[in-house]
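Rule-based calculations on the coordinates, nothing more; no lab input. Computed from a prediction, not measured in an experiment: that's the story for all the values here.
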């Protein structure tokens, strides 16, 4: 079997003091009815930031800014498919979400509430690896700027 590597980008999309989770449907690639961060795969020729902005807009209708890389990770979809991922934090231009057909629901939640949701496999581990202090500083800095 041919081995494949894909690059994916995901984002903690921040608005106020909350983050966006979106719920997958059967139109998505697996992990149906689980919650996740917006994002997806890079297309040929795209930078990670270009891909992330495109994916967030396609999936939620939101525009984002202030993208900052939080971490890099990898996972295996199966024995021949590896996904290299980059997780960013960014600020949404509003909280009015318009979902694509890949998602059926959304919630704006605090960082602490995320694990209360049925998250896509591996996402709980990823949340544990993120620097909570850095995320809180990002939120506080962006709230202060918007006042």
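Distances between every pair of Cα atoms in segment 75-147, grouped in 5 Å steps from 0 to the bin holding the largest one, split as 3, 10, 18, 21, 22, 15, 7, 3, 1, 0 percent. In degrees between 0 and 90, to the nearest 10, how far off the longest principal axis of the chain does helix 132-146 point, with axes built from Cα atoms? Once rounded, one gets 50 degrees. Which angle from 0 to 90°, rounded to the nearest 10, does the C-alpha axis of helix 48-60 make with the longest principal axis of the chain? The two axes meet at around 80 degrees. Shown for the chain is the translational diffusion coefficient from the Stokes-Einstein equation, using the Kirkwood radius over Cα pairs, a temperature of 37 °C and a viscosity of 0.692 mPa s: 211 µm²/s. Here the chain carries DSSP beta bridges of which approximately 65% are antiparallel, counting only pairs with both residues inside.
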